[in-house]
Amino acid sequence: EDRPEEASLTRLTNMGYVRGPSRVDDIREFQRDYKPRFSDIQINGTLDAPTQQAIKEVHDTCDPVLKGQR
């Protein structure tokens, strides 16, 4: 991918991570939801390499967790 951060943000949108007041909040929500499945994710609201890889894997396998109320 030429622009991996942009692709990750598009994937997050496709998976419904759009509720936060900012994209940082959406990224953090994804990180919280998927931390149990991807232990190398840090809940920091940044699109670091482990987070981008997790977003791609979840999106491409269509294997989302059920999001609950926060």
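On the basis of being at pLDDT below 95, open to solvent by 20 Å² or more (accessible area, probe 1.4 Å) and at positive phi, does residue 20 make the cut? Before you say what the answer is, go through the steps one by one.
Working: at pLDDT below 95: yes; open to solvent by 20 Å² or more (accessible area, probe 1.4 Å): yes; at positive phi: no.
Here the answer is no, as residue 20 does not meet what is asked.
I'd like the full set of residues that are β-branched (Val, Ile, Thr) and either open to solvent by less than 20 Å² (accessible area, probe 1.4 Å) or assigned to a loop (DSSP other than H, G, I, E, B) (or both), limited to the stretch 23-56. Lay out the reasoning, then the answer.
Applying the first criterion (β-branched (Val, Ile, Thr)) to the stretch 23-56 yields 24, 27, 41, 43, 46, 51, 55.
Selection gives 27, 41, 43, 46, 51, 55.
The values are calculated or read from the model by the stated rules, or taken from the named source; none is laboratory data. A quick note: this is a predicted structure, and the numbers were derived from the prediction, not measured. Only protein heavy atoms, including side chains, enter the accessible area calculation; ligands, DNA and RNA are left aside. Shrake-Rupley method; radii C 1.70, N 1.55, O 1.52, S 1.80 Å.
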